[in-house]
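The values are calculated or read from the model by the stated rules, or taken from the named source; none is laboratory data. This structure is a prediction, so every number in the text was calculated from the model and none was measured. For neighbour counting, all protein chains shown are included, and Cβ atoms are generated from backbone atoms with ideal geometry for every residue, glycine included.
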Amino acid sequence: MTNEQKQWLADSYANAWRTVKGGNATVTVEPHGWFTIHYGYPLHSSKVRAEKLLKGLSTLTSRILNKDLG
């Protein structure tokens, strides 16, 4: 995956998170195939691989489709 593709994945996950759960969420592309998800208040973070982001993105977009927001 190129750096540009990694950033698209990170942005897509963060956008889907904000749509479904509200509040702020960002995803940072880290070295060696890692991503850090920053979310909530107070701020929490979780370090994950692309596979976890893709699975989460699938879940979040399914919730958008089903209007399961909040």
Please identify the pairs in which a residue from the range 26-50 that is closer than 22 Å to Gln5 by Cβ has its Cβ atom under 7 Å from the Cβ atom of a residue that is assigned to a helix (DSSP H, G or I) and among the charged types (D, E, K, R), counting only partners at least 6 apart or on another chain. Val29/Lys6
From the set of residues in the range 21-56 that are of a type in the set (A, V, I, L, M) and modelled with pLDDT under 95, which is farthest from Leu69 (Cα to Cα)? Leu43
Members of the range 11-25 that are more than 18 Å from Met1 (Cα to Cα) and not aromatic (Phe, Trp, Tyr): Ala14, Asn15, Ala16, Arg18, Thr19, Val20, Lys21, Gly22, Gly23, Asn24, Ala25
Find the strands (runs of 3 or more DSSP E) located wholly in the chain whose residues include 1 or more that are out of contact with any Gly (no Cβ under 8 Å at 6 or more places or on another chain) and either of a type in the set (Phe, Trp, Tyr) or surrounded by fewer than 11 Cβ atoms within 10 Å (Cβ to Cβ) (or both), and list them. 34-39, 44-49
